[in-house]
Amino acid sequence: MCVKLAALLLVVVWMGWIQAPFLSFSFIKAILYIFSRRYPHEQLAMFGVIPMQAPFMPLFFIGFGWVLDGLGAVQMDLLGFAVGHIVWYLSDVVPEIIGFDPTLPPKSIRRALFGLADE
């Protein structure tokens, strides 16, 4: 999953859609988004004081970043959440619809590169 996130973030920056000198903040936000989608019933406490469900965590961070830093910080958060949503959708939702993970390489390539036995 982390390789997929990093590759998609690099493609977005390489295409020139956004100017980002550091992608670590967007990478962390993408992981946070995937966590919030995979565990929707998790109860969290932001800063140990504000209780909330996991699906509201990305919205909290967008609002908190907007209040503290303005739209510049929100742009990087939104990039991370968008990349996280794409990877979550391709890794969790699409395989249930079509029956296989479209982001995995074919078995022949996995066998050649990693020496995996036939399943």
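The values are calculated or read from the model by the stated rules, or taken from the named source; none is laboratory data. Owing to the predicted nature of the structure, the values given are computational and were not obtained by experimental measurement. Cβ atoms come from the backbone with ideal geometry, glycine included; neighbour counts cover every protein chain shown. Note: areas computed on protein heavy atoms with side chains; ligands, DNA, RNA excluded. Shrake-Rupley method; radii C 1.70, N 1.55, O 1.52, S 1.80 Å.
Take the conditions open to solvent by 50 Å² or more (accessible area, probe 1.4 Å), farther than 23 Å from Lys4 by Cα, of a type in the set (A, V, I, L, M, F, W, C) and at pLDDT below 85 and apply them to Leu113. Does it pass? Full working, then the answer.
Values: open to solvent by 50 Å² or more (accessible area, probe 1.4 Å): yes; farther than 23 Å from Lys4 by Cα: no; of a type in the set (A, V, I, L, M, F, W, C): yes; at pLDDT below 85: yes.
Here the answer is no, as Leu113 does not meet what is asked.
Residues to consider are Ser26, Ser91; find the one that is of a type in the set (S, T, N, Q), touching a residue at least 12 places away in the same chain (Cβ under 8 Å), under 16 Å from Leu5 (Cβ atoms) and out of contact with any Ser or Thr (no Cβ under 9 Å at 6 or more places or on another chain).
On the way: Ser91 fails: out of contact with any Ser or Thr (no Cβ under 9 Å at 6 or more places or on another chain).
Criteria check complete, one pass: Ser26.
Taking Phe35 as the residue in question, decide whether it is open to solvent by 90 Å² or more (accessible area, probe 1.4 Å), out of contact with any Gly (no Cβ under 6 Å at 6 or more places or on another chain) and either on the phi > 0 side of the Ramachandran plot or of a type outside the set (Gly, Ala, Ser) (or both).
In short, no.
Which pairs have Cβ atoms under 7 Å, sit 6 or more apart or on different chains, and link a residue in segment 45-58 that is at pLDDT 90 or above to one that is among the aromatic types (Phe, Trp, Tyr) and in a helix (DSSP H, G or I)?
Met52/Phe60; Ala54/Phe35; Pro58/Tyr33; Pro58/Phe81
In this structure, is Leu44 over 16 Å from Gly80 (Cβ atoms), surrounded by 15 or more Cβ atoms within 10 Å (Cβ to Cβ) and in contact with a helix residue (DSSP H, G or I) (Cβ under 7 Å, 6 or more places away or on another chain)?
Working: over 16 Å from Gly80 (Cβ atoms): yes; surrounded by 15 or more Cβ atoms within 10 Å (Cβ to Cβ): yes; in contact with a helix residue (DSSP H, G or I) (Cβ under 7 Å, 6 or more places away or on another chain): yes.
Spelling it out, Leu44 is indeed over 16 Å from Gly80 (Cβ atoms), surrounded by 15 or more Cβ atoms within 10 Å (Cβ to Cβ) and in contact with a helix residue (DSSP H, G or I) (Cβ under 7 Å, 6 or more places away or on another chain).
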